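Read through the structure below, which is laid out as structure tokens, and then see the notes.
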Amino acid sequence: MNRKTAEKVLAEVKGQYPSYDFTDGPNLRDADHEELSEGSWSIDWEMGPEDWAYRFTTKVPGVFVEPIMSFVLGVFDA
């Protein structure tokens, strides 16, 4: 997956919580950050809504998301 596609998912996350201050995230991270498979990404947001990663779904075509922790979302090619 390329960064541009992962950034679309990041924009979706922010779009679902427009009233939040994004100073402390969410943050887009490459595969190394969470030791994910090559080419995947993660989004971490420790200061976001409680358990946000468990509730998040994406509408970006060709993308699969999966919570890694309550505040970390894995972003993968579908």
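The values are calculated or read from the model by the stated rules, or taken from the named source; none is laboratory data. The shown structure was predicted, so the numbers you read here are calculated from the model rather than taken from an experiment. Note: ideal-geometry Cβ built from the backbone for every residue, glycine included; neighbour counts use all protein chains shown.
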Of S37, S19, S70, the only residue that is modelled with pLDDT under 95, hydroxyl-bearing (S, T, Y) and in contact with a Phe, Trp or Tyr (Cβ under 8 Å, 6 or more places away or on another chain) is S37
Counting just the residues of region 21-42 that are in a strand (DSSP E or B) and touching a helix residue (DSSP H, G or I) at 6+ places or on another chain (Cβ under 6 Å), which one comes out nearest to M1 (Cα to Cα)?
W41
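Is it the case that some residue within region 17-31 is within 20 Å of A78 (Cβ to Cβ) and loosely packed, with under 14 Cβ neighbours inside 10 Å?
The answer is no, given that none of the residues of region 17-31 is within 20 Å of A78 (Cβ to Cβ) and loosely packed, with under 14 Cβ neighbours inside 10 Å.
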